[in-house]
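In what follows, a structure is listed as structure tokens, so that the remarks can point back to it.
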Amino acid sequence: MRMIRFLIILLAPAMVYSKSMERLDRGLVVVPLSQHRCYLGWRLLESDPKEIAFNLYRSAEGQPWIKLNQQPVLSSTNLIDSTVSLATKKIWQIRPVIQNHEQEPCMDYYLPAGAEIKHYIDIPLQGAYGANKLGIGDLDGDGTYDYVIKQPGGSIDPGRQRHSPDTYKIEAYNGKSGKFMWRYDLGWNINMGIWFSPALVYDLDGDGKAEVALKTAPFAATMKESFESDKGFVLEGPETCSILDGETGREITRVNWIERGDPKSWGDDKGNRVNRNQIGVAYLDGQTPSLLVMRGTYTKMFITAYRYKGRKLEQVWSWSGENESPPLRGQGGHSLHAFDIDEDGRDELIIGSAAIDDDGKILWRMDMGHPDWCYLADVDPRRPGLELAYGFEDAQEKNGICLADPQTGEIIWGLDHPTTHIHDWGLVANIIAEHPGMEIYGMERDGKTSWLLSSTGKILARDMDLGRHGPRSFYWLDSPVKVRVPFSYRDGVFPILKYKNQKIAEILGQPIAIADCMGDWREEVITVSDGHIRIYTSTIPSTSRHVCLMQDPLYRLDVAVQMMGYFYPPQSSRPVDF
């Protein structure tokens, strides 16, 4: 039976929102653990006063409210309801308590009679298909996150030329009810691969409702109608960046994408390097989001920044690596990080092994080639600020895995061993409690040679397989230590593991997103399997509370770009401490 949610949202009055904040509800979620026990989790918001506490209530439909806690809940943002019966429809309600005064109810959560016992929220799709990517944003302005997928599953890599088997469709689903909202077919002029079809979900104009920004081309209903070449890739015809209305999926406006020009000028005649496209968002003025359109990773590199205002895209600046001296080429990554790394109040861009300032000028360059993975995080808590962790695909005599200063690009420490090709099989997370800060894991393309390093560069283990396709880490326990799930491009059953492969749970489906999208500060793992989105949430009671991670500026923008490029777990600029 589907778990159907109907939420009543009363947002706190007179809230002051920073650039990192959206108008979020309490994210209350109720997960049945047995026929008589349920886990309840909810959000602590950045705007909440320090002394805020919470009362939780439950009612059978039409019956009086029963208070579940003797004292207001202050030390955490979750509760176990151990006196419930799931035989009949139930309603839970959360009421903030400020200075010993109970406030008005701010959210309700409903479970139908006979609700299934399962540790995930189920959102049925429109058919038995998978998904290639998933974006998260509040499409209708009600304070609840909604979900946008790109379906079907599967992706063509530009390095392996072949015909697309289908067209990608963008679909939106309501986060409250799970209902289908709309579909947008990209058509046959967009090849079926992540580098041909970058997209993201974000509130670009600050009206409280997220838009969908994506790469588009003239719609072709059939392959014969497209501009497809004999070898399969579309290498001619217009390319555009479109803005879709988040509530309806209708196109609002479009501008030209960065021109491909002669595809051979990008370094090959197969349509590979020319088709490396990305999209992102950053607060270049410190207050309002700008949309970033990007082309090029392995050779030429270009970025154009736009401001979405008055339902139009207005260009802010454009940058070309060809205009640098010497030209900046081949330094791109597989994702984008946007954050105020130089502490001037405006976001800079980490585009790989180079950084672009908020005004569209180069900030620094490492000239070490292409990193296959890159994380911006507080890796070493003994150093002030954040660090950049890299794994380089280009062969290096040393520093193929390294930690760098994001303000300057200077290497703090590096692996003192030659590397040939550190693949996209890396991990940056606190997975070992005994070592301060985060551990860094990287594996060579041979699938055997690997290193696990401490936050200071000490080798902790050699040739340990933590998950060949890049283990994805996240908060799940009552601890700042993260767990991980093996990453796969296919559907399956996957374990949630502690450091030494201790299994604590399992999930079903292809993992396509990690985000703190509901409940307390721990993260949800979102999978797609056989026509269902499954949002897995921790039901382990926590003894601490922390502000919703989605209200951290670095974390929120990391989540936004999970819908394009490679899927990397988001990182917080404020570490979770106990």
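The values are calculated or read from the model by the stated rules, or taken from the named source; none is laboratory data. Just so it is clear, the structure is predicted and the values come from calculations on it, not from any experiment. Neighbour counts run over all protein chains shown; Cβ positions are idealised from the backbone, glycine included. With ligands, DNA and RNA removed, areas are computed over all heavy atoms of the protein, side chains included. Shrake-Rupley method; radii C 1.70, N 1.55, O 1.52, S 1.80 Å.
For first residues located in the stretch 510-526 and closer than 17 Å to Arg556 by Cβ and in contact (Cβ under 8 Å) with a residue 60 or more places away in the chain, partners that are of a type in the set (Asp, Glu) and open to solvent by less than 10 Å² (accessible area, probe 1.4 Å) and lie 6+ apart or on another chain with Cβ distances below 6 Å form the pairs Cys517/Glu524.
Consider the stretch 418-433 and keep the residues that are at pLDDT below 95 and not hydrophobic (A, V, I, L, M, F, W, C). The one that is farthest from Ser573 (Cα to Cα) is His423. A search for C-beta distances below 9 Å between a residue of the stretch 214-232 that is without any contact (Cβ under 8 Å) to a residue 40 or more places away in the chain and any residue that is in a helix (DSSP H, G or I), counting only pairs 6+ apart in sequence or on different chains, returns Phe219/Glu225. I'd like the residue in the stretch 18-49 that is loosely packed, with under 14 Cβ neighbours inside 10 Å and over 19 Å from Ile540 (Cβ atoms) and, out of all such residues, is modelled with the highest pLDDT. It comes out as Pro49.
In the stretch 309-328, the residues that are among the aliphatic types (A, V, I, L, M) form Cβ pairs under 6 Å with partners that are surrounded by 12 or more Cβ atoms within 10 Å (Cβ to Cβ) and not in a strand (DSSP E or B), at six or more places apart or across chains, as follows: Leu328/Gly321. Taking the stretch 453-475 as the range and being out of contact with any Lys or Arg (no Cβ under 8 Å at 6 or more places or on another chain) and not in a loop (DSSP other than H, G, I, E, B) as the test, the residues that pass are Leu453, Ile459, Leu460, Ala461, Arg462. Note on the stretch 273-283: among residues that are touching a Phe, Trp or Tyr at 6+ places or on another chain (Cβ under 8 Å) and outside any strand (DSSP E or B), the one that is surrounded by the fewest Cβ atoms within 10 Å (Cβ to Cβ) is Arg273.
Consider the stretch 152-197 and keep the residues that are within 25 Å of Trp266 (Cα to Cα) and aromatic (Phe, Trp, Tyr). The one that is nearest to the chain's Cα centre (by Cα) is Trp195.
Per the listing Asp446, Asp394, Asp478, Asp424, the residue uniquely out of contact with any strand residue (DSSP E or B) (no Cβ under 8 Å at 6 or more places or on another chain), closer than 29 Å to Glu348 by Cβ, among the charged types (D, E, K, R) and part of a loop (DSSP other than H, G, I, E, B) is Asp394. Filtering the stretch 57-79 to residues that are within 17 Å of Thr543 (Cβ to Cβ) and touching a strand residue (DSSP E or B) at 6+ places or on another chain (Cβ under 6 Å) leaves Asn69, Pro72, Val73, Leu74, Thr77, Asn78, Leu79.
Considering each residue of the stretch 524-539 in turn, none proves to be outside any strand (DSSP E or B), over 19 Å from Ile123 (Cβ atoms) and not hydroxyl-bearing (Ser, Thr, Tyr).
In the set (1) within 21 Å of Asp558 (Cβ to Cβ); (2) among the hydrophobic types (A, V, I, L, M, F, W, C); (3) not in a loop (DSSP other than H, G, I, E, B), Phe494 fails one condition alone, (1). Checked against (1) in a loop (DSSP other than H, G, I, E, B); (2) open to solvent by less than 10 Å² (accessible area, probe 1.4 Å); (3) in contact with a Leu (Cβ under 8 Å, 6 or more places away or on another chain), Ile117 passes all but a single condition, namely (2). Within the set Gly409, Gly447, the sole residue that is more than 22 Å from the chain's Cα centre (by Cα) and crowded, with 17+ Cβ neighbours inside 10 Å turns out to be Gly409. Asn174: surrounded by fewer than 24 Cβ atoms within 10 Å (Cβ to Cβ) and either of a type in the set (S, T, N, Q) or touching a residue at least 40 places away in the same chain (Cβ under 8 Å) (or both), yes or no? Spelling it out, Asn174 is indeed surrounded by fewer than 24 Cβ atoms within 10 Å (Cβ to Cβ) and either of a type in the set (S, T, N, Q) or touching a residue at least 40 places away in the same chain (Cβ under 8 Å) (or both).
Residues are listed down the side, and each one gets a yes or a no for (1) under 15 Å from Lys482 (Cα atoms); (2) surrounded by 20 or more Cβ atoms within 10 Å (Cβ to Cβ); (3) of a type outside the set (A, V, I, L, M):
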| position | (1), (2), (3) |
| --- | --- |
| Ile507 | no, yes, no |
| Gln510 | no, yes, yes |
| Asp516 | yes, yes, yes |
| Thr527 | no, yes, yes |
| Tyr536 | no, yes, yes |
| Asp552 | no, yes, yes |
| Leu557 | no, yes, no |
| Gly565 | no, yes, yes |
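Counting the residues of the stretch 560-576 that are under 8 Å from the mean Cα position of the chain (by Cα) and among the polar types (S, T, N, Q) gives 1.
Each row is one residue, and each column tells you yes or no for (1) modelled with pLDDT under 95; (2) part of a loop (DSSP other than H, G, I, E, B); (3) closer than 19 Å to Met443 by Cβ.
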residue: His334; (1), (2), (3): no, no, yes
residue: His337; (1), (2), (3): no, no, no
residue: Arg346; (1), (2), (3): no, yes, no
residue: Leu363; (1), (2), (3): no, no, no
residue: Lys398; (1), (2), (3): no, yes, yes
residue: Cys402; (1), (2), (3): no, no, yes
residue: Pro406; (1), (2), (3): no, yes, no
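Within the stretch 305-319, is even one residue on the phi < 0 side of the Ramachandran plot, open to solvent by 30 Å² or more (accessible area, probe 1.4 Å) and not in a strand (DSSP E or B)? No, the stretch 305-319 has no match at all. Can you confirm whether the stretch 483-497 contains a residue that is in contact with a Ser or Thr (Cβ under 6 Å, 6 or more places away or on another chain) and open to solvent by less than 10 Å² (accessible area, probe 1.4 Å)? So far as the stretch 483-497 goes, yes, one or more of its residues are in contact with a Ser or Thr (Cβ under 6 Å, 6 or more places away or on another chain) and open to solvent by less than 10 Å² (accessible area, probe 1.4 Å). If you go through the stretch 188-216 and keep only what is over 16 Å from Gly154 (Cα atoms), open to solvent by less than 20 Å² (accessible area, probe 1.4 Å) and out of contact with any helix residue (DSSP H, G or I) (no Cβ under 7 Å at 6 or more places or on another chain), you end up with Asn189, Leu204, Ala210, Glu211, Val212, Ala213, Leu214, Lys215, Thr216.
In the set (1) part of a loop (DSSP other than H, G, I, E, B); (2) under 24 Å from the mean Cα position of the chain (by Cα), His435 fails one condition alone, (2).
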